[in-house]
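**Student:** Sharing a structure here in structure tokens format.
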Amino acid sequence: MASRPDTDDYLSLFLNDVPLMDVRAPVEFSRGSFPNTENAPLMNDEERHRVGICYKEKGQDKAIELGHQLVSGDIKAQRIEAWKRFVARHPEGYLFCFRGGLRSRLTQQWIRDAGIDYPLVKGGYKALRRFLIDSLEAQIESGEFRILSGRTGTGKTRVLKRLPNPVDLEGLANHRGSSFGRQVTPQPSQIDFENRLAVAMLKARHLNDGPVYLEDESRLVGRCALPESLKNRMAESPLLILEQPMEERVAIIREDYVEGMFADYVSRDGTDAGWLNFRDYLLSAIDRIRKRLGGERHKQLRRLMEEALEQQETTGRTGAHDAWIQALLEDYYDPMYDYQLSQKEGRILVRGGPGTILDWASERSVA
């Protein structure tokens, strides 16, 4: 493999989805890392903890000596083999540790001793993270945004993805942004979400033209929080209002939150456990908004949901879910949305169905 230089071209790394090998300990990786990054640690959590204590008590030299004792023999050979596998799969990649210092250099040296030159990211995780924080704030401050809004069930995310320059906040957060919005896979950590968002904004700025389209969201998308500065910019940006008839909205909700989620749970957990977990997902979601619905209305909607679930389990048909979906839209989501929209009337650029929204955006996109 031809030798490549170490890099501090952070922009190129993120724009080109360059594979990265994070040699920090698993606990560090779990707190947050970057898209297209795999964890292949120099030290595991226990080894890192012991070296850290040694460093505080006896200094750097003794800590380095302990590290070499802990990661030696078969353990060292296993770590090197893991790095070699990453390099074989990603010859165009780079490695990094926290600051681009001792752990990166040692990893690089051990790989080199195995006959492979592999470059590192100068400044490591800390420099990459700072670059993303600064670039995100710059984009939020200077960028032009258009916000796609609309009542629940109008299919905003579906339309968003067809707009000229979209950034899918719900996709980045792996959550649909409501009581029913969780997915079968977990949400990213807050740091991972911020990093994903920053990379998506970088691509929207450098790889595409025109304003960035975002879906109208509250500050929290599940448990992932939007930067306050972005939420403030969204609150003053022009709106596109997506409209759909009730029948279509009910169908979209059923497809996404009933049929789609059931299929996802079965795919993850198998038929029997998948059904039980899907059932719990729906009933838990309606229970989470019990106080806002009021006791009696919650009881009515939960009964409709239980009846629909019973019919689905017995016959496989999902049409009975339409009753609770429509009632929830009419009695809960629509009044809440209509009040919020009444505060935004002066910002509306266009309103209509998917075709109207897409045609409007296409006519104004940069050729």
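The values are calculated or read from the model by the stated rules, or taken from the named source; none is laboratory data. In this text the structure is predicted, and so the values were computed from the model without any measurement. Using ideal geometry, Cβ is built from the backbone for each residue, glycine included, and neighbour counts are taken over all protein chains shown. Areas reflect the complete protein model, heavy atoms only, side chains present, ligands, DNA and RNA absent. Shrake-Rupley method; radii C 1.70, N 1.55, O 1.52, S 1.80 Å.
**Student:** Which of 173, 150, 63 sits farthest toward the positive end of the charge dipole of the stretch 44-182, with +1 on the Cβ of Lys and Arg and -1 on the Cβ of Asp and Glu?
**Tutor:** Most positive-ward Cα: 150.
**Student:** Counting only protein heavy atoms and using a 1.4 Å probe, what share of the accessible area of the stretch 130-177 belongs to carbon plus sulfur, as a whole percent?
**Tutor:** Details: 840 of 1900 Å².
For the stretch 130-177, the apolar C and S fraction of the accessible surface comes to 44 percent.
**Student:** Give a residue-ordered list of calculated ³J(HN,Hα) values for the stretch 112-117 (Karplus: 6.51 cos²θ - 1.76 cosθ + 1.60, θ = phi - 60°; whole Hz; x for Gly, Pro).
**Tutor:** With coefficients 6.51, -1.76 and 1.60, one gets 5, 4, 8, x, 10, 8 Hz.
**Student:** Work out the charge dipole of the chain with +1 on the Cβ of Lys and Arg and -1 on the Cβ of Asp and Glu about the Cα centre, then indicate which of 14, 100, 86 is farthest towards its positive end.
**Tutor:** Projecting each Cα onto the dipole axis, the largest value belongs to 100.
**Student:** Still on this model: Quick check for me: using +1 on Lys/Arg Cβ and -1 on Asp/Glu Cβ, what's the dipole size of the chain about its Cα centre, in debye to the nearest 20?
**Tutor:** Working: 53 positive and 56 negative charges, 202 e Å.
That gives the chain a dipole magnitude of about 980 debye.
**Student:** On to the next question. Per residue, how large is the accessible surface of the chain? Use a 1.4 angstrom probe and give square angstrom. Present the calculation step by step, with values, prior to reporting the outcome.
**Tutor:** Numbers: 17990 Å² over 367 residues.
Value returned for the chain: 49 Å² of accessible area per residue.
**Student:** Between residue 53 and residue 102, what is the FRET efficiency for a Förster distance of 22 Å, r being their Cβ-Cβ separation, to the nearest 0.05?
**Tutor:** Numbers: r = 16 Å, r/R0 = 0.75.
So, using R0 = 22 Å, E works out to roughly 0.85.
**Student:** So if each residue of separation counts as 0.36 nm, and I subtract the Cα-Cα distance between residue 225 and residue 306, what length gain in nm does that give? Each step should come with its number before you reach the end.
**Tutor:** Numbers: separation 81, 0.36 × 81 = 29.16 nm, distance 3.25 nm.
That pair, residue 225 and residue 306, stretches by 25.9 nm at full extension.
**Student:** In addition: Compute the distance from the alpha-carbon center of the stretch 296-367 to that of the stretch 95-146, in whole Å.
**Tutor:** A separation of 42 Å, based on Cα centres.
**Student:** Taking the chain as a Gaussian network, where each spring joins two C-alpha atoms under 10 Å apart, which residue of 140, 286, 75 fluctuates the most?
**Tutor:** Looking only at 140, 286, 75, the largest GNM fluctuation is found for 75.
**Student:** Heavy atoms only, probe 1.4 Å: what % of the accessible area of the stretch 209-367 goes to carbon and sulfur, would you let me know? Walk me through the intermediate numbers first.
**Tutor:** Values: 3860 of 8220 Å².
Whole-percent figure for carbon plus sulfur exposure: 47.
**Student:** So how far, in whole Å, is the C-alpha centre of the stretch 269-295 from the one of the stretch 67-83?
**Tutor:** The stretch 269-295 and the stretch 67-83 have Cα centres spaced 46 Å from each other.
**Student:** Just to check, using Stokes-Einstein with a Kirkwood Rh over alpha carbon pairs, what's the diffusion coefficient of the stretch 255-367 at 4 °C and 1.567 mPa s in µm²/s? Could you put the intermediate results ahead of the total?
**Tutor:** Details: Rh = 16.7 Å.
Value of D from the Cα-based Kirkwood radius: 77 µm²/s.
**Student:** Now for a separate question. Amide H of residue 213 versus every other amide H placed in the peptide plane: which residues, excluding those fewer than 5 positions away on the same chain, fall under 5 Å?
**Tutor:** Here 146, 165, 167 satisfy the definition.
**Student:** Here's a follow-up. Suppose we flag trypsin sites (Lys or Arg not before Pro) only when DSSP calls them loop and at most 14 other Cβ atoms lie within 10 Å. Which is the longest uninterrupted stretch of the chain?
**Tutor:** The reported range is 1-98.
**Student:** Would you mind checking 122/203; 126/156; 58/122; 156/203; 126/344; 58/84 for any pair whose Cα atoms are more than 31 angstrom apart?
**Tutor:** Numbers: 122/203 22 Å; 126/156 36 Å; 58/122 28 Å; 156/203 21 Å; 126/344 40 Å; 58/84 33 Å.
Violating the 31 Å Cα-Cα cut-off are 126/156; 126/344; 58/84.
**Student:** Calculated from the structure, log10 I(q)/I(0) by the Debye sum over Cα atoms at q = 0.12, 0.14 Å⁻¹ equals which of [x] -1.00, -1.15; [y] -1.09, -1.22; [z] -0.90, -1.20?
**Tutor:** Structure-derived value, by its label: [x].
**Student:** In a GNM of the chain with a 10 Å cut-off on Cα contacts, which of 201, 336, 261 has the highest mean-square fluctuation?
**Tutor:** 336
**Student:** A follow-up question, please. HN-Hα J couplings of the stretch 244-261 from phi, Karplus 6.51/-1.76/1.60, θ = phi - 60°, integer Hz, Gly and Pro as x?
**Tutor:** Per-residue couplings from phi come out as 9, x, 4, 4, 5, 5, 4, 5, 5, 4, 4, 5, 7, 9, 10, 5, x, 5 Hz.
**Student:** Taking the Cα centre of the stretch 75-164 as origin, work out the dipole magnitude from +1 charges on Lys and Arg Cβ and -1 charges on Asp and Glu Cβ, in debye rounded to 20.
**Tutor:** Details: 19 positive and 8 negative charges, 81 e Å.
Approximately 380 debye in magnitude.
**Student:** Given the -39500 (n - 2.57) contribution per DSSP H run of 4+ residues, what per-residue ellipticity at 222 nm results for the chain, rounded to the nearest 500 deg cm²/dmol? Mind dumping the intermediate values first?
**Tutor:** Values: 19 runs with 209 residues, N = 367.
After summing the helix terms and dividing by residue count, I get -17000 deg cm²/dmol.
**Student:** What's the magnitude of the charge dipole for the stretch 204-332 around its Cα centre, counting Lys and Arg as +1 and Asp and Glu as -1 at the beta-carbon? Answer in Debye, nearest 20.
**Tutor:** Numbers: 18 positive and 25 negative charges, 129 e Å.
I would put it at about 620 debye.
**Student:** Please list, ordered by chain and number, the residues whose modelled amide H lies under 5 Å from the amide H of residue 350; skip anything fewer than 5 residues away on the same chain.
**Tutor:** Under 5 Å from the amide H of residue 350 lie the amide H atoms of 241, each far enough along the sequence or on another chain.
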